[in-house]
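Below: the structure, in C-alpha cells.
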Amino acid sequence: MSHSITINQGAVKYLADMLNSTGWAKTTADIIIGGGLLATKLELPDFPSPEAKETVGEFNTRCLPYMKTGFPALELTDKERDCARRCLDYYVKEGRLAPSSFTRDLLLAFGYTD
C-alpha cells in the first residue's frame, strides 16, 4: 500500500535530519530503509548556509521562505512509512523535538495527535 504524505520543505528537512542521525535505527532494516528514503525521496534543494556575521535570528528569518516552500507529495510504502514513524517515535520519546510549525506538520502528517 502507498501512503501520500504532504508536508513542506521545513518538515522534510527535519525528517531528513532525524533519519540521518544516529540512535534511532535499531535494526539493519531501519538503516537500509532510512538510507533509501534519504537517497531517493527526501532530496531537498540546497539549504541556505549561515553568512559570516549573521545572527541566528537573521539566519532563521532568511531561511523561513525556504522552509515554508511546498514539497512534492511523498509516496511512501508501508515499510518506508513505518520506518519514518519509528524514527519519529524515537525523537518524541527522547523529548528531542522542538515545538515549531514544521515539527507539528511533520507529526500530524504521520498520524500523531495531541
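Coordinate-derived values only; no laboratory data. Keep in mind that this is a model prediction, so the values were computed, not measured. As a convention, Cβ positions derive from the backbone with ideal geometry for all residues, glycine included, and neighbour counts pool all protein chains shown.
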Taking the stretch 1-104, which GluC sites (Glu not before Pro) meet the DSSP loop condition and have no more than 14 other C-beta atoms within 10 Å? Glu43, Glu51, Glu54
On C-alpha positions alone, give me the angle between the axis of helix 9-19 and the longest principal axis of the chain, in degrees, nearest 10. 60 degrees
Leaving out same-chain residues fewer than 8 places away, which lysines sit with a Cα under 16 Å from that of Lys26? Lys79, Lys93
As a test of the formula, what do you get for the chain when each DSSP H run with n ≥ 4 contributes -39,500 (n - 2.57) and the sum is divided by the residue count, at 222 nm and rounded to the nearest 500 deg cm²/dmol? -17500 deg cm²/dmol
Using DSSP to define loop residues, name the trypsin sites (Lys or Arg not before Pro) in the stretch 37-87 whose beta-carbon has at most 11 other beta-carbon atoms within 10 Å. Lys53
In the Gaussian network model of the chain, springs joining C-alpha atoms below 10 Å, which of Ser100, Ser21, Ser49 carries the largest mean-square fluctuation? Ser49
Top positive-direction residue, dipole computed over the chain with Cβ charges, set Leu97, His3, Pro50: Leu97
Taking Cα atoms, the helix 28-40 axis meets the longest principal axis of the chain at an angle in degrees (rounded to 10) of 50 degrees
Taking the Cα centre of the stretch 2-109 as the origin, how large is its charge dipole in debye, to the nearest 20, when only Lys and Arg (+1) and Asp and Glu (-1) carry charge on their Cβ atoms? 220 debye
